[in-house]
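Participant: Here's a structure for you.
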Protein chains: 2
Amino acid sequence: MSNKIEFVKREQLKEKPDPKNLGFGQHFTDYMLSYDYDKDKGWHDLKIVPYGPIEISPAAQGIHYGQSVFEGLKAYKHGDDIVLFRPDQNFKRINNSLERINMPKIDEEELLEGLKQLVDVERDWVPEGEGQSLYIRPVVFATEGTLGVHASHNYKLLIILSPSGSYYGGGSLSPTKIYVEDEYVRAVRGGTGFAKTAGNYAASLLAQTQANKEGWDQVLWLDGVERKYVEEVGSMNIFFVINGKLVTPKLDGSILPGITRKSIIELAKKLGYEVEERHVAIDELIELHDKGELEEVFGAGTAAVISPVGKLKYEDREITINNFETGETTQKLYDHYVGIQSGKIEDPNGWRVVVPKY
Amino acid sequence: MSNKIEFVKREQLKEKPDPKNLGFGQHFTDYMLSYDYDKDKGWHDLKIVPYGPIEISPAAQGIHYGQSVFEGLKAYKHGDDIVLFRPDQNFKRINNSLERINMPKIDEEELLEGLKQLVDVERDWVPEGEGQSLYIRPVVFATEGTLGVHASHNYKLLIILSPSGSYYGGGSLSPTKIYVEDEYVRAVRGGTGFAKTAGNYAASLLAQTQANKEGWDQVLWLDGVERKYVEEVGSMNIFFVINGKLVTPKLDGSILPGITRKSIIELAKKLGYEVEERHVAIDELIELHDKGELEEVFGAGTAAVISPVGKLKYEDREITINNFETGETTQKLYDHYVGIQSGKIEDPNGWRVVVPKY
C-alpha cells in the first residue's frame with residue numbers, strides 16, 4: 001500500500017499565486033492524481049501527473065448523462081507538517097455517491113494513500129495564513145464515448161488541489177442572509193440528494209442566482225414532498241440553537257451527510273450540548289423565533305466551516321436571528337473546530353492525519 | 001442567417017461503418033458543430049470542425065457541477081433528400097433546459113441553420129436502410145475551470161452525429177417488459193424533470209440496471225411526492241389505450257415534454273382518437289387491467305419512436321397487456337408516424353424539414 005505510485009514530472013513548475021488573493025478554487029497546483037477505470041481492467045494506472053487539460057470524447061457519458069460525483073476536503077499547514085482533516089470520511093462518502101449513480105467503487109485505503117503522496121509532492125502549495133488551506137477536490141466521471149443510456153464502462157478519477165483563502169477574508173465570522181426556497185426543489189427521498197453528484201449542484205443554481213439577485217446569500221431548501229421541512233443550505237448543512245439545544249435536520253435520503261455536520265455534532269456533544277437530529281418544519285422555526293426561542297442559526301460545511309445565519313426570509317416573513325450577530329454557541333463551536341483543524345487545540349478523536357514525507 | 005459558417009476540414013475522412021451493424025450511438029461522423037460561450041463575448045465561434053477529442057480543464061464545471069443539457073433528434077434519407085424531423089422543437093426545448101439550470105440560451109434559428117449545414121456536409125453518412133437514421137445529438141456543457149459553485153461563465157455547445165440502426169433490428173415491433181419503480185425517484189415537481197439535463201439521466205441508471213438484472217427492459221417512474229402517479233419510462237413517455245381512448249400523463253414539471261409524445265398526440269387526434277392528458281395512478285391502471293379496459297400500453301420517444309409494452313410489474317402484481325402483442329392502435333400510430341418520418345405518407349403539418357444543398 002505504501003509503495004510509491006508512478007510520478008510523471010512536469011518540465012517547469014508554475015509560479016505560485018499571491019497568498020493575499022487566493023480566493024476559492026481559482027488556482028491549481030503543479031500536479032494532480034489520475035486514475036482510470038474500464039470494465040475489463042477495473043481501476044488502473046494510478047499516477048501523479050502534471051495538472052493540465054484532459055482530453056475527452058465529445059460523446060463522453062459524464063458530460064451527456066451526468067455520471068459524475070465529487071468530494072471536497074482540506075489540508076492545513078501545522079508548522080512543518082501538512083495535515084488532512086478526516087480524509088477517511090470523504091473516501092467513504094464518495095463510495096456511497098458512486099454507488100447511487102451506478103459507478104464503480106474505489107478502494108478507500110488506496111486512494112487515501114495516493115492523496116497523501118500527491119499532497120506530499122505539493123507541500124509547498126499549502127498556504128499558511130490564518131484560515132487558509134489547500135482545498136482538495138476528488139472527482140470521478142464517466143468517459144465512455146457512446147450515446148446509449150447505460151452505466152458507463154469507462155471512468156476517470158482525478159484529485160486536483162487548489163490553495164484557497166479564508167472564507168471570511170481573515171476577519172471574524174459574519175452572518176449571512178438566507179432565502180427559504182419555496183419554488184424550486186433540490187432533492188427528494190428516493191432521489192440523489194444524499195449523494196455528492198454533479199446533477200444536484202446543477203439543479204440548485206437557478207434558485208441560488210435568483211436569491212443572490214434579491215440580496216440573499218444562499219438558499220435554504222425545503223423537502224420535496226411536503227415543502228415544509230428544512231433540509232440544507234446551498235453548500236452547507238444547517239443547525240439551530242433552540243433553548244440552548246443544538247438541532248439539525250435528520251438525514252433521511254435527501255440531505256447530504258456533511259462531514260462538517262457530523263464532526264460538529266460529535267464536537268458539540270463533547271462540549272456538553274444536547275444535540276437533536278429530527279425533522280424541523282419551517283413554520284416551527286418561525287414560531288420559535290416569535291417566542292424568542294430560536295437563539296442561533298448556522299450553516300456547516302467544508303468551505304466556510306461554520307457560517308452564522310443572521311436573517312431568514314420565508315414567503316412574506318423576514319426574521320432576524322440574534323440581532324444579526326454571531327451567537328455564543330456558533331462562535332464557540334467555530335473556535336473549537338478551527339482550533340482542532342489548525343492544530344491549536346488537542347485532537348482527541350484523531351481527526352487530523354499528518355501527511356508522511358515519502 | 002444562411003451565410004456559410006466556418007468549416008475546418010479534416011485531412012482524412014473516416015471509413016464508414018457496416019450499415020448492417022450500426023447499433024445506436026456507437027459510430028460518429030467526420031465532423032461536428034462547435035460553438036463557444038463566454039460571459040463577455042456571448043456565443044461565438046460557430047464552426048464545423050473535425051469530430052474528435054476535446055480538451056477540457058480538470059476543473060470544468062460541467063463535470064463537477066453537472067451544468068449540461070442535451071437533445072436528440074434524427075435525420076432520414078428520402079431518395080436524394082436528407083430530412084430532419086421537427087428540429088425546431090428540439091431547439092425550443094433545449095432553451096427551456098438551459099434556462100432551468102442557469103445556462104445561457106441559444107439562438108434557435110441560428111443553431112438550426114448550423115445543424116443544416118453540418119448535416120449537408122455529412123449527407124453521405126445518413127444510412128438508408130429500413131428504420132435507420134442519422135441520430136443528432138446537441139449537447140451544451142459548462143467549461144469554466146474553477147471550483148466556486150455558481151453558474152459557469154464559459155460553455156461549449158457541440159452537435160455530434162451518429163448513424164444508427166433500426167431500434168427493432170429491422171423486424172416488427174416487439175413488446176417490452178416494464179418494471180414500475182417503487183424505490184427510486186427520477187424527478188419531483190420543482191426539480192429538473194421537465195428539462196433534458198445530464199443529471200436526470202445519472203439519477204435513473206441504478207434503477208434501470210437493477211430492473212435489467214431481474215429481466216425487465218425499462219422502468220416506469222412514479223411521481224416523487226405521492227409515489228402513485230405514473231410519469232415516464234426510462235427514455236420515453238408513456239401512453240395507454242383505455243376503452244379506445246388514448247391517455248397519457250399530463251406534463252406538470254417532473255415529466256420530460258417529449259417531442260414524439262407531442263407529435264403522437266397531434267397525430268392521434270387527426271386520426272380521430274380522443275386524447276386525454278391527465279394524472280394516471282398506477283392503481284387505476286391495475287384496476288382497469290383487471291376489468292379488461294386497459295387495452296394497450298406503449299412508450300414514445302425519439303430512439304424507439306413507439307415501443308409497445310407487453311408486461312408491467314408493480315410491487316407483487318404482474319400484468320400482461322394485450323396478450324403480450326402489439327395492439328392495433330399502437331401499430332396504427334407507429335405506421336403513420338414512421339410513414340411521415342420516412343416520407344411514405346404525406347406530411348400535412350410540415351414536420352419534415354429538407355436539408356438544403358449549400
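Participant: Looking at segment B:251-331, which trypsin sites (Lys or Arg not before Pro) are in a loop (DSSP not H, G, I, E or B) and have at most 14 other Cβ atoms within 10 Å? Please list the in-between numbers first.
Facilitator: On the way: sites: B:Arg261, B:Lys262, B:Lys269, B:Lys270, B:Arg278, B:Lys291, B:Lys311, B:Lys313, B:Arg317; in loops: B:Lys291.
For trypsin sites (Lys or Arg not before Pro) across segment B:251-331 that sit outside H, G, I, E and B with at most 14 neighbouring Cβ atoms in 10 Å, the list reads B:Lys291.
Participant: Rounding to the nearest 10 and keeping the result within 0 to 90°, find how far the Cα-based axis of helix B:108-121 lies from the longest principal axis of chain B.
Facilitator: 80 degrees
Participant: What whole number of Å gives the distance from the Cα centroid of segment A:291-312 to the Cα centroid of segment A:73-137?
Facilitator: Their Cα centres are 26 Å away from one another.
Participant: If R₀ is 41 angstrom, what is the calculated FRET efficiency for the pair B:Lys269 and B:Lys4, using the beta carbon separation as r and rounding to 0.05?
Facilitator: Working: r = 40 Å, r/R0 = 0.98.
That gives a FRET efficiency of 0.55.
Participant: Heavy atoms only, probe 1.4 Å: what % of the accessible area of chain B goes to carbon and sulfur, would you let me know?
Facilitator: Numbers: 6130 of 14030 Å².
Carbon and sulfur atoms account for 44 percent of the accessible area of chain B.
Participant: Jot down the per residue volume, in cubic angstrom and as a whole number, of the convex hull over the alpha-carbon atoms of segment A:176-342.
Facilitator: 106 Å³
Participant: Give the calculated FRET efficiency between A:Asn21 and A:Glu128 to the nearest 0.05, with a Förster radius of 22 Å applied to their Cβ-Cβ distance. Display every interim value, and only then the final one.
Facilitator: Values: r = 15 Å, r/R0 = 0.70.
According to the calculation, E is roughly 0.90.
Participant: Right, next: Tell me the angle of helix A:87-100 to the major Cα principal axis of chain A, expressed in degrees between 0 and 90 and rounded to the nearest ten.
Facilitator: Here the helix axis deviates by roughly 90 degrees.
Participant: Here's a follow-up. Kindly report the accessible area of segment B:1-52 per residue (heavy atoms of protein chains, probe 1.4 Å, no ligands, DNA or RNA), in Å². Spell out each step's value before the answer.
Facilitator: Working: 3450 Å² over 52 residues.
So segment B:1-52 comes to 66 Å² accessible per residue, rounded to a whole number.
Participant: Let me ask another. How big is the Kirkwood radius of segment B:80-168, worked out from every pair of different alpha carbons and given in Å to one decimal? Provide the component values of the computation, followed by the final result.
Facilitator: Working: mean 1/r = 0.0674 Å⁻¹.
About 14.8 Å for segment B:80-168.
Participant: Measuring label to label, 7 Å along Cα→Cβ, what does B:Glu318 give against each other copy in nm, shortest first?
Facilitator: Copy-to-copy label distances for B:Glu318: 6.1 nm.
Participant: Across segment B:71-78, in residue order, what do the Karplus-derived ³J(HN,Hα) couplings come to in whole Hz, using 6.51 cos²θ - 1.76 cosθ + 1.60 with θ = phi - 60° and x for Gly and Pro?
Facilitator: Listing the rounded values in order: 9, x, 8, 10, 10, 10, 9, 10 Hz.
Participant: Something else: Per residue, how much space in cubic angstrom lies within the convex hull of the C-alpha atoms of chain A? Before the final figure, lay out each step's value.
Facilitator: On the way: hull volume 51.1 nm³, N = 358.
Expressed per residue, the convex hull around the Cα atoms of chain A is 143 Å³.
Participant: What aspartates and glutamates could a cross-link reach from B:Lys4, if we take a straight Cα to Cα line under 12 Å and drop same-chain neighbours fewer than 8 places away?
Facilitator: B:Glu110, B:Glu113, B:Asp120
Participant: Determine which chain B residue has its Cβ at minimum distance from the rotation axis mapping B onto A, giving the value in whole Å.
Facilitator: B:Gly199, 1
Participant: Under the convention of a label 7 Å out along Cα→Cβ, give the distances in nm from A:Glu128 to the same position in every other copy, shortest first.
Facilitator: Ordered by increasing distance: 7.5 nm.
Participant: Can you tell me the FRET efficiency between B:Glu183 and A:Arg278 if r is taken as the Cβ-Cβ distance and R0 is 35 Å, rounded to the nearest 0.05?
Facilitator: Values: r = 24 Å, r/R0 = 0.69.
That gives a FRET efficiency of 0.90.
Participant: In whole Hz and in residue order, list the ³J(HN,Hα) couplings for segment A:303-310 that follow from phi through the Karplus curve 6.51 cos²θ - 1.76 cosθ + 1.60, θ = phi - 60°; x for Gly and Pro.
Facilitator: 5, 8, 6, 9, 9, x, 9, x
Participant: From the C-alpha gyration tensor of segment A:6-168, pull out the three semi-axes of the equivalent ellipsoid (sqrt of 5λ each), sorted largest to smallest, in whole Å. Can you show the working numbers first?
Facilitator: On the way: eigenvalues 164, 55, 45 Å².
Listed largest to smallest, the semi-axes of segment A:6-168 are 29, 17, 15 Å.
Participant: Okay, moving on. Given the pairs A:Lys77/A:Lys250; B:Lys92/B:Lys250; B:Lys20/B:Lys156, which span a C-alpha to C-alpha distance of over 24 angstrom in this model? Don't skip to the end; give the middle numbers.
Facilitator: On the way: A:Lys77/A:Lys250 33 Å; B:Lys92/B:Lys250 19 Å; B:Lys20/B:Lys156 33 Å.
Beyond 24 Å between Cα atoms: A:Lys77/A:Lys250; B:Lys20/B:Lys156.
Participant: When we measure straight from the Cα of A:Lys213, which lysines land under 20 angstrom away, once same-chain ones fewer than 8 places off are left out?
Facilitator: Once the sequence-local lysines are set aside, what remains near A:Lys213 is A:Lys177, A:Lys311, A:Lys313, B:Lys39, B:Lys105.
Participant: Quote the relative contact order of segment A:176-342 in percent (integer), defining contacts as alpha-carbon pairs under 8 Å separated by 6+ residues.
Facilitator: Values: 313 pairs, mean separation 40.0, N = 167.
It comes to 24 percent, rounded to a whole number.
Participant: Right, next: Shielding by partners for A:204-210, please: the mean number of other protein chain Cβ atoms within 10 Å of each residue's Cβ.
Facilitator: Values: counts 6, 13, 7, 2, 4, 3, 1.
That average works out to 5.
Participant: Say a paramagnetic label sat at a point 7 Å from the Cα of A:Asn212, along Cα to Cβ; which residues of segment B:137-168 have their backbone N under 16 Å from it?
Facilitator: Under cut-off, by backbone N: B:142-155.
Participant: Buried accessible area for the A:B pair, summed, 1.4 Å probe, in Å² rounded to 100?
Facilitator: Working: alone 16380 and 16390 Å², together 28040 Å².
Buried area (both sides, nearest 100 Å²): 4700 Å².
Participant: Calculate, for segment A:295-352, the solvent-accessible area per residue in square angstrom, rolling a 1.4 angstrom probe over the heavy atoms of the protein chains. Walk me through the numbers before you get to the answer.
Facilitator: Numbers: 2540 Å² over 58 residues.
Per residue, segment A:295-352 has 44 Å² of solvent-accessible surface.
The values are calculated or read from the model by the stated rules, or taken from the named source; none is laboratory data. Since we're looking at a predicted model, the values are computed, not measured. Positions of Cβ are generated from backbone atoms using ideal geometry, with glycine treated the same way; all protein chains shown enter the neighbour counts. Accessible surface areas use protein heavy atoms only, side chains included; no ligands, DNA or RNA. Shrake-Rupley method; radii C 1.70, N 1.55, O 1.52, S 1.80 Å.
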